[in-house]
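The values are calculated or read from the model by the stated rules, or taken from the named source; none is laboratory data. All figures in this text were calculated on a predicted structure; none of them were measured in a lab. Counting neighbours? That spans all protein chains shown, and the Cβs are built from the backbone with ideal geometry, glycine included.
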Amino acid sequence: MEKTYKNCQSCSMPLNKDAKGGGTNANGSKSAMYCSLCYENGKFINPEMTVEDMQALVKSKLKEFGFPIFLAGLFTKSIPKLERWKK
């Protein structure tokens with residue numbers, strides 16, 4: 001059985017906050033690992049993105065949503081530990 005995650009393993013967004021209910025695999029099924037903003041049809045939407053790019057993007061999104069900068073920094077600190085970025 002596929003492991004289920006609470007957060008997207010690319011951007012760390014809580015999967016229950018994904019408007020589309022998650023990304024999609026190549027066969028059209030829902031991804032249990034990635035959100036719809038990161039993953040579609042079995043592929044990453046921005047495959048050339050680095051972990052640093054993702055942290056910067058998430059940080060700016062959190063600031064847009066009114067999160068204090070220190071909290072945005074705290075939330076993005078764990079991004080390199082997510083499955084997509086593990087080398």
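Of all residues in the range 51-63, those that are more than 15 Å from Cys38 (Cβ to Cβ) have Cβ atoms under 7 Å from Cβ atoms of residues that are exposed (fewer than 13 other Cβ atoms within 10 Å of the Cβ), 6 or more apart or on another chain, in Lys63/Ile69.
Name the one entry in Gly22, Gly28 that is surrounded by 14 or more Cβ atoms within 10 Å (Cβ to Cβ) and either in a loop (DSSP other than H, G, I, E, B) or more than 13 Å from the chain's Cα centre (by Cα) (or both). Every option except Gly22 fails the conditions.
Consider the range 64-87 and keep the residues that are closer than 22 Å to Lys3 by Cα and without any contact (Cβ under 8 Å) to a residue 12 or more places away in the chain. The one that is surrounded by the fewest Cβ atoms within 10 Å (Cβ to Cβ) is Lys87.
I'd like to check something: does the range 43-52 contain any residue that is modelled with pLDDT of 95 or more, among the basic types (Lys, Arg), more than 10 Å from the chain's Cα centre (by Cα) and outside any helix (DSSP H, G or I)? Walk me through how you get there before you give the answer.
Here is the first cut: in the range 43-52, the ones modelled with pLDDT of 95 or more are 43-52.
Keeping just the survivors that are among the basic types (Lys, Arg) gives 43.
Now narrow it down to the ones that are more than 10 Å from the chain's Cα centre (by Cα): 43.
Subsequent filtering for residues that are outside any helix (DSSP H, G or I) retains 43.
Looking for residues that are modelled with pLDDT of 95 or more, among the basic types (Lys, Arg), more than 10 Å from the chain's Cα centre (by Cα) and outside any helix (DSSP H, G or I), one finds at least one in the range 43-52, hence yes.
Quick one: is Glu40 modelled with pLDDT under 95 and either closer than 21 Å to Lys86 by Cβ or surrounded by 11 or more Cβ atoms within 10 Å (Cβ to Cβ) (or both)? Walk me through it before giving the result.
On the way: modelled with pLDDT under 95: no; either closer than 21 Å to Lys86 by Cβ or surrounded by 11 or more Cβ atoms within 10 Å (Cβ to Cβ) (or both): yes.
Judged against the criteria, Glu40 is not a match.
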